[in-house]
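*Asks:* Here's a structure for you.
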4 protein chains.
Amino acid sequence: MLSELKERVLAANLELYARKLVIYTWGNVSGIDRKQGLVVIKPSGVPYEELSPDKMVVLDLERGHVVDGHLRPSSDAPTHLVLYRNFSEIGGVVHTHSPWATAWAQANAPIPCLGTTHADHFYGPIPCTRQLRPAEIRTDYAVNVGLTIVQAFKDLDYRHVPGVLVASHGPFCWGKDVHDAVYNAVVLEEVAKTAYATLALNPACKPIPQVLLDRHYMRKHGDQATYGQKVF
Amino acid sequence: MLSELKERVLAANLELYARKLVIYTWGNVSGIDRKQGLVVIKPSGVPYEELSPDKMVVLDLERGHVVDGHLRPSSDAPTHLVLYRNFSEIGGVVHTHSPWATAWAQANAPIPCLGTTHADHFYGPIPCTRQLRPAEIRTDYAVNVGLTIVQAFKDLDYRHVPGVLVASHGPFCWGKDVHDAVYNAVVLEEVAKTAYATLALNPACKPIPQVLLDRHYMRKHGDQATYGQKVF
Amino acid sequence: MLSELKERVLAANLELYARKLVIYTWGNVSGIDRKQGLVVIKPSGVPYEELSPDKMVVLDLERGHVVDGHLRPSSDAPTHLVLYRNFSEIGGVVHTHSPWATAWAQANAPIPCLGTTHADHFYGPIPCTRQLRPAEIRTDYAVNVGLTIVQAFKDLDYRHVPGVLVASHGPFCWGKDVHDAVYNAVVLEEVAKTAYATLALNPACKPIPQVLLDRHYMRKHGDQATYGQKVF
Amino acid sequence: MLSELKERVLAANLELYARKLVIYTWGNVSGIDRKQGLVVIKPSGVPYEELSPDKMVVLDLERGHVVDGHLRPSSDAPTHLVLYRNFSEIGGVVHTHSPWATAWAQANAPIPCLGTTHADHFYGPIPCTRQLRPAEIRTDYAVNVGLTIVQAFKDLDYRHVPGVLVASHGPFCWGKDVHDAVYNAVVLEEVAKTAYATLALNPACKPIPQVLLDRHYMRKHGDQATYGQKVF
């Protein structure tokens, strides 16, 4: 069942590990088959060295039931599902506790767009969700995490800002497929580290002007993209 | 004698090295056989590349005498023994000078719980011991280090906060076995680094609310744990 | 066509990757054949693992047209060409988003010469370009980036300060050949990191005196250089 | 000539590189044969990958003349020789531009003893030399660097503080042999990094009390040392 997607989700999880965004069993990547309405996700608490395609867990998008696999899904699975249900064009979701992005999340601060590395990948600041209320933490916690992410994108296009900081927690990223989602998670960590150092050097540093943000983001994305070997 | 435990203690010491928590001969891991009342610990001052199971040293828990092995035990052995005597459910102890945890220890500051990475593993702030008095430093120093750790846990459950910062020194961690103790030492270093960056970004950052701490800690620990593949 | 230069430009691009100045497809190195007026540059958006000599792109210096190769050149190619046209003795150009140099660029701050590591390689502060005007961003952006670099060197000798920070963007470096340009990019990152830490330790730290700058720079460069195995 | 010492000096230089204290051709290690009054040192400006025993340079201690080898010695050789002449018990000298120690040197600040990692290896603060005067920079510069180090140890025992920060430059370390000198350089970098983080967390942090410094330093050094497998 979904053997190709399982392979790709496995490879994406291993890439998180190889790129040092996660240690031990931390972090998780999922991918979706939109036609079948099925999501493939990493099992909970299994070390990266022991992962194999048959250990991936398949959930149905609608209700979150396990429809294939003999292990428990990642405990963050309900958050992934909320993102797939609300962000209709995404094909992959990544969650990590990568240290620099997590520091911004714990600081409860959005990452301002301070340079072109950021602008090449995220069209504006990377938002930080609001704190959950006690009742939202006590019941359906992982679902409510997802809902605060969706709220944070009420006036934002998730396709152009493919990541978020969950307050006091850490980053979630997404993309058109699992590889793209991992790529965005790696870039977010790089951007988070560089923004930290920038503000330490110059606490008064302002975000780049809109015209520069437009130039860089549009160079890589959209109809008139000129970066890379074909128009995306 | 205790050949399986020696193998596991050796592997745990090597894992410290592989995960870059220690350099040269720094750091040490021990494990205990509670039935026999015997502790296996790394020898003092031997480089990690030269360690082998037969170089491990066996001490009796009660009096700290060497009962097997031809090398001197780690000079921190008396501290390990105090922990085993007072924290009756622990199976392994780890000491490192990992840089971020050591920075907090040198700053004489407990690590506040600023996010869910911390809350997943430590149920509240990670305490810092009081400074030793001159007389405690001059006589039975390594024993007294252990006793200040025990004091720091007078009103704390060592099973739920499996690590401590020894003031002006560095971290000690423990766990149900040696692997678990090493895991906690790795997590502590990650938490220490991220807390540092968080406070640099937002010096006014407050600890997470109790309800979020409960949710995350209980998700991974205790009777109703839902993380991983079985209830621990 | 230019097969030897293609090999060297490829090797220089791979060295950027091996030395961790770039991730994924980021960064680019070019080299020039001054006699033929031809520049070899990395293609746009191709991962480092997939690069080969035949994927390098050849541009004519004068007009920037592709004269060999089947892929699009790096989107920063126009900036490289401006540098080759204005800095007549350089043989290689490197652009990266290496994190510490990028942090200084995003902070819009030149890197002061705080020590001899800097003085060994850059004869004075490493300048930061002025911000581009909106019209300069909207049209011929990559050319205008190059022109602001040239402006920043109006009263500076590019041969003795072989690198620059492009405001809100990142570093460009150059050298007598591609290897030298990569070397300068690596040194710039090291200098940027150390200058950051120096000012964090001592915010009042002043640049080194001219006599020390002269001594160190002249030891490695110029007619009376005594460093290395021959006079450069 | 001195083939065994050449091998050891080569190995020590390579260890600097393997432990990431140096890049490219930076840094240098020398060792001395006290009986013959001969010093073996790395050649100037040769990449680490190209070093071999026969490329090591032999100098006579007294006058600094090359007595064996076909390459120029490291440009820091005169500093090494001053140290060997004045610190009669040292067997090896190491110079690096390792980033954290260099940041302290550039900040012109001694590293205070903030914890036991420091106290285990350096008996008190690690001094920073005074700035050289213009005349001292213009003539016999590398000799004068050595003399300011000797001055900094006028009231300090070089055997118990085996390293120094040269103001605006970087660290020099030494030891009873070349391996010991490299070890001290690695420890200094670790101590420099941790002290930086400690003061960032707690700017009011005071040095540890003398009694703790004594306890830790004496545990590893001197007649009553108890660390390791024999008394040093």
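*Asks:* Highest GNM mean-square fluctuation, chain C, Cα pairs closer than 10 Å: which of C:ALA109, C:ALA101, C:ALA12?
*Replies:* So, out of C:ALA109, C:ALA101, C:ALA12, the one fluctuating most is C:ALA109.
*Asks:* Please list the radius of gyration and Dmax for the stretch D:37-104, considering alpha-carbon atoms only, with Å as the unit.
*Replies:* Taking only Cα atoms of the stretch D:37-104, I get Rg and Dmax of 12.8, 36 Å.
*Asks:* Step through the residues of the stretch A:196-203 one at a time and calculate ³J(HN,Hα) from phi using the Karplus curve (6.51 cos²θ - 1.76 cosθ + 1.60, θ = phi - 60°), rounding each to whole Hz and writing x for Gly and Pro.
*Replies:* These are the phi-based 3J(HN,Hα) values: 4, 5, 4, 6, 5, 6, 9, x Hz.
*Asks:* Order B:THR102, C:THR139, most accessible first, counting only protein heavy atoms with a 1.4 angstrom probe.
*Replies:* C:THR139, B:THR102
*Asks:* Just the accessible area for B:TYR227, please: 1.4 Å probe, Å², rounded to the nearest 10?
*Replies:* Roughly 40 Å² of B:TYR227 is accessible to a 1.4 Å probe.
*Asks:* While we're on this one: Roughly how many nanometres apart are two label points built 7 Å out from the Cα toward the Cβ at B:MET218 and B:LYS55?
*Replies:* 4.7 nm
*Asks:* For a Förster distance of 41 Å, can you work out the FRET efficiency between the beta-carbons of B:GLN131 and D:ALA18, rounded to the nearest 0.05?
*Replies:* After rounding, the FRET efficiency stands at 0.65.
*Asks:* Using Cα atoms only, what is the angle between the long axis of helix A:141-152 and the major principal axis of chain A, expressed in degrees (0 to 90) to the nearest 10?
*Replies:* 30 degrees
*Asks:* Moving to a separate point now. Could you pull out every residue, at least 5 positions away or on a different chain, whose amide H is within less than 5 Å of the one on D:GLY175? Hs are placed 1.01 Å off N in the peptide plane, and Pro or chain starts have none.
*Replies:* Correct list: D:GLY91, D:GLY92, D:ALA181.
*Asks:* Along Cα-to-Cβ, 7 Å out, sits the label point; list in nm, shortest first, how far the one on A:GLU49 is from those in the other copies.
*Replies:* With the label placed 7 Å along Cα→Cβ, A:GLU49 yields 2.1, 2.1, 3.0 nm.
*Asks:* In addition: I'd like the accessible area for B:VAL178: 1.4 Å probe, protein heavy atoms, all chains in place, Å² to the nearest 10.
*Replies:* Its heavy atoms expose roughly 10 Å² to the probe.
*Asks:* Here's another thing I want to ask about it. Using amide H atoms built in the peptide plane, which far-off residues or other-chain residues are under 5 Å from D:VAL161 H to H?
*Replies:* It is D:TYR123, by chain and number.
*Asks:* Going by alpha carbons, how many degrees (0 to 90, nearest 10) lie between the helix axis of A:77-86 and the longest principal axis of chain A?
*Replies:* 60 degrees
*Asks:* Heads up, I need the accessible area for C:ARG85: 1.4 angstrom probe, whole protein in place, Å², nearest 10.
*Replies:* C:ARG85 has an accessible surface of roughly 110 Å² with all protein chains in place.
*Asks:* Quick one: Debye curve from the C-alpha atoms of the stretch D:99-143, no solvent, what's log10 I(q)/I(0) at q = 0.25 Å⁻¹?
*Replies:* Values, matching the q order: -0.91.
*Asks:* Relative to the isolated chain, which residues of the stretch B:178-203 have their accessible area cut by 50 Å² or more in the presence of all protein chains (1.4 Å probe, heavy atoms, no ligands or nucleic acids)?
*Replies:* In the stretch B:178-203, residues shielded by partner chains: B:TYR183, B:GLU190, B:THR194, B:TYR196, B:LEU201.
*Asks:* Also: Could you give each residue of the stretch D:218-225 its phi-based ³J(HN,Hα) in whole Hz, using Karplus coefficients 6.51, -1.76, 1.60 with θ = phi - 60°, and x for Gly or Pro?
*Replies:* Once rounded to whole Hz, the list reads 5, 5, 9, 9, x, 5, 9, 4.
*Asks:* What nm distances, shortest first, do you get from the label point of D:GLU136 to those in the other copies when the point sits 7 angstrom along Cα to Cβ?
*Replies:* 4.4, 4.4, 6.3
*Asks:* Here's a follow-up. Over 25 Å between C-alpha atoms is what I'm after, so list which of A:LYS220/C:LYS55; C:LYS42/C:LYS176; C:LYS42/C:LYS220; B:LYS20/C:LYS206; A:LYS20/C:LYS20 land there.
*Replies:* Checking Cα-Cα distances, C:LYS42/C:LYS220; B:LYS20/C:LYS206 exceed 25 Å.
*Asks:* Now, a different point. Which residues, if any, in the stretch C:64-78 lose at least 40 square angstrom of accessible heavy-atom surface (probe 1.4 Å) when the other protein chains sit next to their chain rather than the chain being alone?
*Replies:* Going by heavy-atom accessible area, the residues of the stretch C:64-78 that drop by at least 40 Å² are C:ARG72, C:SER75.
*Asks:* Cα axis of helix A:3-18 to longest principal axis of chain A: angle in degrees, 0 to 90, nearest 10?
*Replies:* That works out to roughly 50 degrees.
*Asks:* What are the GluC sites (Glu not before Pro) within the stretch A:9-76 that DSSP puts in a loop, where the Cβ has at most 10 other Cβ atoms within 10 Å?
*Replies:* A:GLU62
*Asks:* Can you pull the Rg over Rh of chain C, Cα-only, Kirkwood?
*Replies:* Value, to two decimals: 0.97.
*Asks:* Which cross-chain or sequence-distant (5 or more) residues have an amide H under 5 Å from the amide H of C:ILE111, H modelled 1.01 Å from N in plane?
*Replies:* C:ILE126
*Asks:* Next question. Rounded to the nearest 0.05, what FRET efficiency do D:VAL66 and D:THR139 give with R0 = 22 Å and r taken as the Cβ-Cβ distance? Could you check?
*Replies:* Rounded to the nearest 0.05, the efficiency is 0.55.
*Asks:* If one computes the Cα centroid of the stretch D:73-137 and of the stretch D:142-173, what distance in Å separates the two points?
*Replies:* Here the two parts' Cα centres lie 4 Å apart.
*Asks:* Give the accessible surface of the stretch C:52-114 per residue, rounded to a whole number of Å², with probe radius 1.4 Å and ligands, DNA and RNA excluded.
*Replies:* Accessible surface, normalised per residue, equals 33 Å².
*Asks:* Here's another thing I want to ask about it. Which stretch or stretches of the stretch D:117-144 have amide N atoms under 16 Å from the point lying 7 Å from C:LYS206's Cα along the Cα→Cβ direction?
*Replies:* Counting backbone N atoms under 16 Å from the label point, the list is D:130-135.
*Asks:* If you line up the Cα atoms of the protein assembly as shown on their principal axes, what length do they span on each, largest first, in Å?
*Replies:* Principal axes ranked by extent give 82, 82, 44 Å for the Cα atoms.
*Asks:* Oh, and also: When the accessible area of the protein assembly as shown is computed with all protein chains present and a 1.4 Å probe, what percentage of it is carbon and sulfur?
*Replies:* 54 percent
*Asks:* For the protein assembly as shown, give the magnitude of the charge dipole about the Cα centre (Cβ charges: +1 Lys/Arg, -1 Asp/Glu; no others), in debye to the nearest 20.
*Replies:* Magnitude of the dipole: close to 1640 debye.
*Asks:* Another question, if that's okay. Measuring label to label, 7 Å along Cα→Cβ, what does D:GLY222 give against each other copy in nm, shortest first?
*Replies:* Nearest to farthest, the other copies are at 5.0, 5.0, 7.1 nm.
*Asks:* Please find, among residues of chain D, the one with the beta carbon closest to the rotation axis relating it to chain C, distance in whole Å.
*Replies:* Axis-proximal residue of D, distance in whole Å: D:ALA200, 5.
*Asks:* Compute for chains A and B the buried accessible surface, both sides summed, probe 1.4 Å, and express it in Å² to the nearest 100.
*Replies:* 2900 Å²
The values are calculated or read from the model by the stated rules, or taken from the named source; none is laboratory data. Worth saying up front: this structure is predicted, and the values here are computed from it rather than measured. So basically every Cβ, Gly included, is an ideal-geometry build from the backbone, and we count neighbours across all protein chains shown. Side chains are part of the model used for accessible areas, which takes the heavy atoms of the whole protein and leaves out ligands, DNA and RNA. Shrake-Rupley method; radii C 1.70, N 1.55, O 1.52, S 1.80 Å.
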